[in-house]
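Worksheet: the structure to be examined is printed underneath.
The values are calculated or read from the model by the stated rules, or taken from the named source; none is laboratory data. What you are looking at is a predicted structure, and each value in this text was computed from that prediction instead of being measured. Virtual Cβ from ideal backbone geometry, glycine too; neighbours counted across all protein chains shown.
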Amino acid sequence: MIPIEKQKTIVLAAPNDYELHHLIQKNLEFHGFKVTKILSNPSGIKYKNWTEKMFSFLRKLFFNDKNYKKNIIQRNVLNYQINQLSTVDNYDYGLFIRADFFDNEIIKLVKQKVKHLVSYHYDGLKRSPEVFQKIKLFDNFYVFEKEDLVNPLHRLSPCTNFYFDFDLDSKNKQKTEIDFYFLGSHHDSRLNDLLFFSEMCIKKGYSADFQIVFIRKNALKKKLYLNSNFTCLDKTVSFEDYIENIKKTKVIIDFVIDEHSGLSFRVFESIKYQKKLITTNPTIVNYDFYNPNNIYVVKGNNYENIENFINSDYIPLPSEISEKYSFKNWINYVLNIKPHHTITIP
């Protein structure tokens, strides 16, 4: 008699930004995991009651105590997270996405409740140095920046981002509606690249949709994006809506900020949906999926032969390469579930 395989259990800890956690949970469940999820910044959690809110107001008014509100909210979020974990016992795995968003107390609590605890950091460690003192709490800590792997003080493992390998809906493939699509937050380092490319699109008659998200401190910079290709947003687009926009475009634009050399999620969406990609990330040429017919690497503002690139057909990748960057292989790799393809950063 063939034994029935026990369902794998996992604690997923992730930030609420872009609702990426929603699709990660959905993909984990698609691959047979039972998931308990905790968020670093759950919406709606501020004060427990009116008294707490009033006391916070008085502390700020009479004592100029600007940290009291922040500390109260952090405490209430911590209590929420502890409550979410109350039913967790002897789980197989714990996965933290962006561990720098979580208090050490929560990381240690999850570690007590799971057999294997890992973290994935999809940002450069130098951008969030507070994470360094958390690395030792994990069995494995994965990073997507090559520069982070050479740090001799920490035991780090290479990884990349991934694409979701379940269908978000049952509809037929959407027809291409625009030539170019970009979604990203405003960052000074990619402003000129976006402006130059947008003007080129206008001159050549290409259609484009560049969605730029602004946090409060950058709100005044909206005036820099004046032409019709730009849509200025005051809040983030959900990851699910972003993918729907990806499906409608012919070419994905990947203009990275100067602090990153790791590959963004846009790269892996281009693999799944077989979309051409224009990127300013020069490290992409070292990866096994790189094909100059599918990926155009911008050097300065040189767009020589861009028309030939756009008008030629996408060349599908060998299945063993495209499947390597699927969520299924990604989760098996970071959790050390065999079989899996090892993901490296060349």
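Of note:
- Test for residue 112: is it of a type in the set (S, T, N, Q) and touching a residue at least 12 places away in the same chain (Cβ under 8 Å): no
- Among the residues of region 299-330, those identified as farther than 15 Å from residue 263 by Cβ, touching a strand residue (DSSP E or B) at 6+ places or on another chain (Cβ under 8 Å) and of a type outside the set (Phe, Trp, Tyr) are 306, 310.
- Flag for residue 117 being modelled with pLDDT of 95 or more and part of a helix (DSSP H, G or I): no
- Number of the condition not met by residue 203 [criteria: (1) assigned to a helix (DSSP H, G or I); (2) in contact (Cβ under 8 Å) with a residue 12 or more places away in the chain]: (2)
- Residue check for residue 112: over 26 Å from residue 157 (Cα atoms), of a type outside the set (Phe, Trp, Tyr) and modelled with pLDDT of 60 or more: no
- Residue-level check: of (1) touching a Ser or Thr at 6+ places or on another chain (Cβ under 7 Å); (2) modelled with pLDDT under 65, residue 61 misses just (1).
- Selection status of residue 219, modelled with pLDDT of 90 or more and of a type in the set (Gly, Ala, Ser): no
- In region 261-320, residue modelled with the lowest pLDDT [restricted to those that are assigned to a loop (DSSP other than H, G, I, E, B) and among the aromatic types (Phe, Trp, Tyr)]: 303
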